[in-house]
Amino acid sequence: MRGVLGVKRLNRRLLEEGLNLPGEVEVGNLETMPERIIQFGEGNFLRAFIDWMVDEMNRQGLFMGRTIVVQPIPHGLVDVLNQQDGLYTLLLRGLIGGQIREEKRIITSVSRGINPYEDWQGFLKCAAQPELRFMVSNTTEAGIAYVKEGMPKDTCSESFPAKVTAFLYARFKAFEGSPDRGMIILPCELIDRNGDSLKEIVLRYAEEWALGSEFSNWVKEHNYFLNTLVDRIVTGYPGDEIEELNRELGYEDRLLDTGEPFHLWVIEGDKSLSRELPLTEAGLNVVWTDDLTPYRTRKVRILNGAHTMTALMAYLYGLNTVRQCIEDDVVLSYMKQGLYEEILPILDFSQEEKQEFADAVLERFKNPFIEHNLLSISLNSVSKWKVRVLPSLLENLNLRGSLPEVLTFSLASLLVFYRGAQIKDGALIGERMGNQYGIQDDRDILEFFQGLWADYEKDGDLGLLCVKALEQKGFWDMDLNELPGMTQKVKKYLERILGMGMENAVKDLVGIQG
């Protein structure tokens, strides 16, 4: 089949006919293999993360299994995936040790896709395949949630956990509750304790659907719901350069996926299970651990914390992307001061480990192939600041007896960023250098800040504005005015930002003249 560019579309036959590929393009293992994984989600992330890892294990002859991909919502990419026989190209691009690294590979680890909304029985039949052992998923943060619904008969369940319950029950019946037919379940949704949460909902459905105590016990005792943490920036389908890439490759790929080289998968669970999924043996950056918590803390405080403490300030400073932050000497100094002097010292990791992770974060931010917009990061910044920045601020105060400069300044920047007089199309409208921008958050938060700044326009009392903003326990889970010196310090930074402008206020903070 020829695509829009006059070149043939990627599929297995095209490869078997001897497609003349560019020398830098690798092709995964094309041997016949059993289906050993069922995957909920056909989107960019899983294809650039899990399926790439499986492809690498297969390439080294360590796993020798393929993945059935299940479309978790009614409309998706399974039809295209099947047209391409499960094949797609993955392009990983970024900086490693200061050097540009590019990897192009045709991923062959996916066997087929199923749309359960069109073929519910076909989906359930997969449960009877004895070789299946693993289940992975990425159905967005909202995917692992309870939705009240009855047991499905001939139509697809609405929620992801309900689909999992129906699948496991079909497997339980197919193998008469055999202990060795349980599944190793690895959800990748970005919520805390994702495996525990999924298991809890599955057992709730089992009880509500009256599936019996034997099934519930089988789920508890012979299926492993593992908590995981994933980390890789996946930029997805490169629409603005796809024609050029297809010409270079010599074929059309409607599922071409892009991402960064960096990857990390932390799995909390019995390390003996790693023998069945030899990710670390394949040289992948995968950690099996008894406790996920410190790894999550490290990622949230360093990577996410750096984003959140910087994005709003840098946008008001005049920048638009994360990479521009790294390229600007003033903003980079701000980021380094916040990371190396305020966040890292209070984290309970070895100095080498903390330094290495923080260095890698800054290098990832510098990736010339990724345009990460600051306004995208600004979404729901109030809750993000509470989770990602406030804990580091509090620990600085507790351990050092003083408020950290950059982290406190980031709160003042948030208050200024959330300055707007009207809400339009669900966003509070702010202004930067004569141009409008949309502030996106929960409606009640936007309305609060709209009223807060309206009052300031009337009375000009910046101290009162600080008190009102900091006392919002619904935002911060505490009254920040009760922290020693907090109100005064935030007010001081607000005065500088409003009086000097953001650029001069940041230069003053980090000690850069001019």
* **Matching residues, segment 169-184, being over 17 Å from residue 207 (Cβ atoms) and either in a helix (DSSP H, G or I) or among the hydrophobic types (A, V, I, L, M, F, W, C) (or both)** => 170, 171, 173, 174, 175, 179, 180, 181, 183, 184
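Can residue 80 be described as β-branched (Val, Ile, Thr), out of contact with any helix residue (DSSP H, G or I) (no Cβ under 8 Å at 6 or more places or on another chain) and in contact (Cβ under 8 Å) with a residue 40 or more places away in the chain?
Details: β-branched (Val, Ile, Thr): yes; out of contact with any helix residue (DSSP H, G or I) (no Cβ under 8 Å at 6 or more places or on another chain): yes; in contact (Cβ under 8 Å) with a residue 40 or more places away in the chain: yes.
It is true that residue 80 is β-branched (Val, Ile, Thr), out of contact with any helix residue (DSSP H, G or I) (no Cβ under 8 Å at 6 or more places or on another chain) and in contact (Cβ under 8 Å) with a residue 40 or more places away in the chain.
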* Counted residues, segment 219-252 - those being within 22 Å of residue 52 (Cα to Cα) and in a helix (DSSP H, G or I) -> 5
* Which of the residues spanning segment 468-514 are of a type in the set (Gly, Ala, Ser) and either open to solvent by 40 Å² or more (accessible area, probe 1.4 Å) or closer than 17 Å to residue 406 by Cα (or both)? -> 474, 485, 499, 501, 505, 511, 514
* **segment 182-204 residues that are surrounded by fewer than 22 Cβ atoms within 10 Å (Cβ to Cβ), paired with ones that are among the basic types (Lys, Arg) and part of a loop (DSSP other than H, G, I, E, B) (beta carbon under 9 Å, 6 or more apart)** => 182/133; 183/133; 184/133
* Asked: Residues of segment 463-483 being part of a loop (DSSP other than H, G, I, E, B) and in contact (Cβ under 8 Å) with a residue 24 or more places away in the chain, which ones?
  -> 472, 477, 483
* If you scan segment 336-366, which residues turn out to be open to solvent by less than 20 Å² (accessible area, probe 1.4 Å), among the small types (Gly, Ala, Ser) and within 21 Å of the chain's Cα centre (by Cα)? -> 358
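Scanning segment 137-168 for residues that are charged (D, E, K, R) and not in a helix (DSSP H, G or I), which turns out nearest to residue 73 (Cα to Cα)?
Initially, segment 137-168 is screened for residues charged (D, E, K, R), giving 141, 148-149, 153-154, 158, 163.
Next, from what is left, pick out any that are not in a helix (DSSP H, G or I): 141, 148-149, 153-154, 158.
Numbers: 141: 14, 148: 17, 149: 16, 153: 18, 154: 16, 158: 8 Å.
Looking at the filtered set, the residue picked out is 158.
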* Asked: How many of the residues in segment 262-283 are farther than 30 Å from residue 366 by Cα and surrounded by fewer than 19 Cβ atoms within 10 Å (Cβ to Cβ)?
  -> 8
* What are the residues in segment 137-150 that are in contact with a Ser or Thr (Cβ under 8 Å, 6 or more places away or on another chain) and touching a residue at least 60 places away in the same chain (Cβ under 8 Å), if any? -> 143
* **Cross-chain or 6+ apart pairs with Cβ under 7 Å, segment 275-295 first and free of Cβ contacts under 8 Å to residues at least 24 places away in the same chain and on the phi > 0 side of the Ramachandran plot, then among the hydrophobic types (A, V, I, L, M, F, W, C) and surrounded by 15 or more Cβ atoms within 10 Å (Cβ to Cβ)** => none
* **Given (1) open to solvent by less than 40 Å² (accessible area, probe 1.4 Å); (2) over 19 Å from residue 330 (Cα atoms), number of the condition residue 399 does not satisfy** => (1)
* Hey, among the residues in segment 284-308 that are assigned to a helix (DSSP H, G or I) and open to solvent by 40 Å² or more (accessible area, probe 1.4 Å), which one's farthest from residue 190 (Cα to Cα)? -> 294
* Asked: Do any residues in segment 16-31 that are over 14 Å from residue 107 (Cβ atoms) have Cβ atoms under 9 Å from those of residues that are at pLDDT below 90 and in a loop (DSSP other than H, G, I, E, B), where the two are at least six apart or on different chains, and which pairs are they?
  -> none
* Quick one: in segment 428-467, which of the residues that are open to solvent by 60 Å² or more (accessible area, probe 1.4 Å) and more than 19 Å from residue 375 (Cβ to Cβ) is nearest to the chain's Cα centre (by Cα)? -> 444
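Listed here are the residues, each with its yes/no results for (1) among the hydroxyl-bearing types (Ser, Thr, Tyr); (2) open to solvent by 50 Å² or more (accessible area, probe 1.4 Å).
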| position | (1), (2) |
| --- | --- |
| 334 | yes, no |
| 368 | no, yes |
| 395 | no, yes |
| 406 | no, no |
* In segment 141-172, what count of residues is obtained for those that are surrounded by fewer than 17 Cβ atoms within 10 Å (Cβ to Cβ) and over 16 Å from residue 122 (Cα atoms)? -> 10
* Identify, please: which residue in segment 118-136 is assigned to a loop (DSSP other than H, G, I, E, B) and in contact (Cβ under 8 Å) with a residue 12 or more places away in the chain and is, among those, nearest to the chain's Cα centre (by Cα)? -> 133
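Could you list, in sequence order, the residues of segment 252-261 that are crowded, with 20+ Cβ neighbours inside 10 Å and either of a type in the set (D, E, K, R) or modelled with pLDDT under 95 (or both)? I'd like the intermediate steps shown before the answer.
Looking only at segment 252-261, we keep the residues that are crowded, with 20+ Cβ neighbours inside 10 Å, and these are 252-253, 255-260.
Those that are crowded, with 20+ Cβ neighbours inside 10 Å and either of a type in the set (D, E, K, R) or modelled with pLDDT under 95 (or both): 252, 253, 257, 260.
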* helices (runs of 4 or more DSSP H) wholly inside segment 1-89 containing at least 3 residues that are surrounded by fewer than 20 Cβ atoms within 10 Å (Cβ to Cβ) and at pLDDT below 95 -> 12-16
* **Test: residue in segment 65-84 that is over 21 Å from residue 279 (Cα atoms) and among the charged types (D, E, K, R)** => yes
* Residue list for segment 209-251, restricted to those being buried (at least 17 other Cβ atoms within 10 Å of the Cβ), in contact with a strand residue (DSSP E or B) (Cβ under 6 Å, 6 or more places away or on another chain) and closer than 12 Å to residue 89 by Cα -> 246, 251
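Can you pull out the residues in segment 116-132 that are open to solvent by 20 Å² or more (accessible area, probe 1.4 Å) and either among the small types (Gly, Ala, Ser) or in contact with a helix residue (DSSP H, G or I) (Cβ under 6 Å, 6 or more places away or on another chain) (or both)? Steps first, please.
Let us first name the residues in segment 116-132 that are open to solvent by 20 Å² or more (accessible area, probe 1.4 Å), namely 117-119, 121, 124-125, 128-131.
Correct list: 124, 128.
The values are calculated or read from the model by the stated rules, or taken from the named source; none is laboratory data. A quick note: this is a predicted structure, and the numbers were derived from the prediction, not measured. In this analysis, Cβ positions are derived from the backbone assuming ideal geometry, glycine residues included, and neighbour counts consider all displayed protein chains. Just so you know, the surface numbers come from the protein's heavy atoms only, side chains and all, with ligands and any DNA or RNA stripped out. Shrake-Rupley method; radii C 1.70, N 1.55, O 1.52, S 1.80 Å.
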